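Every number here is computed from the coordinates shown, using simple stated rules; none is lab data. Every value quoted in this text rests on a predicted model; they were computed, and no experiment measured them. Reconstructed Cβ throughout: ideal geometry from the backbone, glycine too, with neighbour counts over all protein chains shown.
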Amino acid sequence: MLQQGQQEESGVRKPSFKWYKAMAFKKIIILGIESTAHTFGCGIVDEYGSILADTRAVYVPEKGGIHPREAAQHHSTYGPKVVKEALLKANISMRDISAIAIALGPGLGPCLRSGATIARALAVYFSKPLIPVNHAVAHIEIGKKLTGAKDPLIVYVSGGNTIIAAFSGGRYRVFGETLDIALGNCLDVFAREIGLAPPYIVEGLHAVDKCAEKGEEIIDLPYVVKGEDLSYSGLLTAALRKAKEPGVKLEDLCLSFRENAYNMLVEAAERALAHTKKKEVLLTGGVGASPILQEKLRLMVREHNAELYITPKKYMGDNGVMVAWTGVLLYKSGITVNVKESFIKQRWRLDEVDIPWQK
Ligand code: FE2
């Protein structure tokens, strides 16, 4: 993405007279749309970060994991209602909105297309600028905004991503990540395949964490950390194979599985923390809601005389507010995109995005 004053290329717009006028005279209010996976979310946020609206509709598959086309159909059906509800909640009209922010990736192609179609339609019909938001950046920025973390080591764990990153040289640099499946996906598939889920959350805990509470013995399972990178597919395969063995207690298996899964992440994060020498660690993404993982990270972070910042639970998972807030930051930096070139990017990496607002 280009910054203000740079030459226009690849669809990124130079700030217009309208933008300068809006920046000078009008309070910035951004409407953000999130649709990268199961959630269609709409958030409305002002330039100071006040949340004026936060509405969501979540696709729940009847069986198995997310079916991308079904989820996209859900977003197309409920998306317009979710946006309308957000405007009603904020008690404003589209006329008051400065620009539309849309998460263009990373995520599931059909889901991204549904959200992008709605965002583009709103931008064109109401003559509003369109702001391209990276979903991973949005998870980080909402975490920073709501916790007050300034320059943290980021532990971003969700159903689709497992990333350890930190800001350096104008971008969030990835120090470690999963080499195959994400931690959230690993937990969900395991819970589903052994018959513990859905629902995935039981009494505020992930079904695996809940089952592990009654575990007593540790079963030997793969533990794969490669430098600061992680690999979860071997752990998942081995645990599923163990589940079929006679005499294996499900509670012991869940305990062993979750201990390895979380400890791998904490070890990789510790290496990155020692490497970067950051004094703050920010936990964000849906899996970060696990109190077990939070406690493990807290103990590690304390050892390094750093502080752990935990994104509020309501904004750990996908939501439109994080897209809207990142939209504010991008808009203030003069970054928008031409509608006809607002392509979705299913594999849009965190470290491909310039972060001009962070010094
Ligand atoms: Fe997410």
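In the elastic network of the chain, a GNM with C-alpha springs shorter than 10 Å, the most mobile of 312, 199, 80 is 199. Rg/Rh for the range 63-184 stands at 1.01; both radii use Cα atoms, and Rh follows the Kirkwood definition. Note on the chain: helix-only mean residue ellipticity at 222 nm, from DSSP H runs of 4+ residues weighted -39500 (n - 2.57) and normalised by residue number, equals -13000 deg cm²/dmol. Pairs of Cα atoms nearer than 8 Å and 6+ residues apart set the relative contact order; for the chain it is 26 percent. For the range 153-277, averaging the sequence separation of C-alpha pairs within contact (under 8 Å, six or more residues apart) and dividing by the residue count gives a relative contact order of 27 percent. 3J(HN,Hα) along the range 194-204: 9, x, 8, 9, x, x, 7, 10, 10, 6, x Hz, from the Karplus curve 6.51 cos²θ - 1.76 cosθ + 1.60 with θ = phi - 60°, whole Hz, x for Gly and Pro.
One quarter of the convex hull surface built on the alpha carbon atoms of the range 21-88 amounts to 5.5 nm², the projected area averaged over directions. One chain, two ends: residue 67 and residue 27. Fully extended at 0.36 nm per residue, the span grows by 10.4 nm beyond their Cα-Cα distance. If R0 is taken as 30 Å, the Cβ-Cβ distance between residue 216 and residue 313 corresponds to a FRET efficiency of 0.55. Entry note: the range 94-165 has Rg to Rh equal to 1.05, where both radii use alpha-carbon atoms and Rh is the Kirkwood radius. The packing ranking, built from the mean of other Cβ atoms within 10 Å per residue, places the peptides 114-126, 234-246 in the order 114-126, 234-246, highest first. A simple charge model with +1 on the Cβ of Lys and Arg, -1 on the Cβ of Asp and Glu and nothing else charged puts the dipole of the chain at about 1540 debye relative to its Cα centre.
Annotation: amide H of residue 343 has no partner in the under-5 Å range at sequence separation 5 or more or interchain, hydrogens built in the peptide plane. Dividing the Cα radius of gyration of the chain by 2.2 N^0.38 Å, with N the residue count, gives 1.01. Put simply, the amide H of residue 101, placed in the peptide plane, has neighbours under 5 Å in 31, 32, 33, 131, leaving out anything fewer than 5 places away on its chain. Taking the inverse of the mean reciprocal distance over all distinct Cα pairs, the Kirkwood hydrodynamic radius of the range 153-277 comes to 15.0 Å. With a threshold of 31 Å on the Cα-Cα distance, the over-threshold entries among 84/145; 226/340; 63/332; 81/332; 214/277; 84/313 are 226/340; 63/332; 214/277. Taking 27 Å as the limit for the C-alpha separation, the pairs 249/296; 128/150; 279/314 exceed it in the case of 128/150. Between residue 85 and residue 245, the FRET efficiency estimated from the beta carbon spacing at R0 = 51 angstrom works out to 0.55. The listed peptides 161-174, 41-54, ordered by packing as a protection proxy, come out as 41-54, 161-174 (highest mean of other Cβ atoms within 10 Å first).
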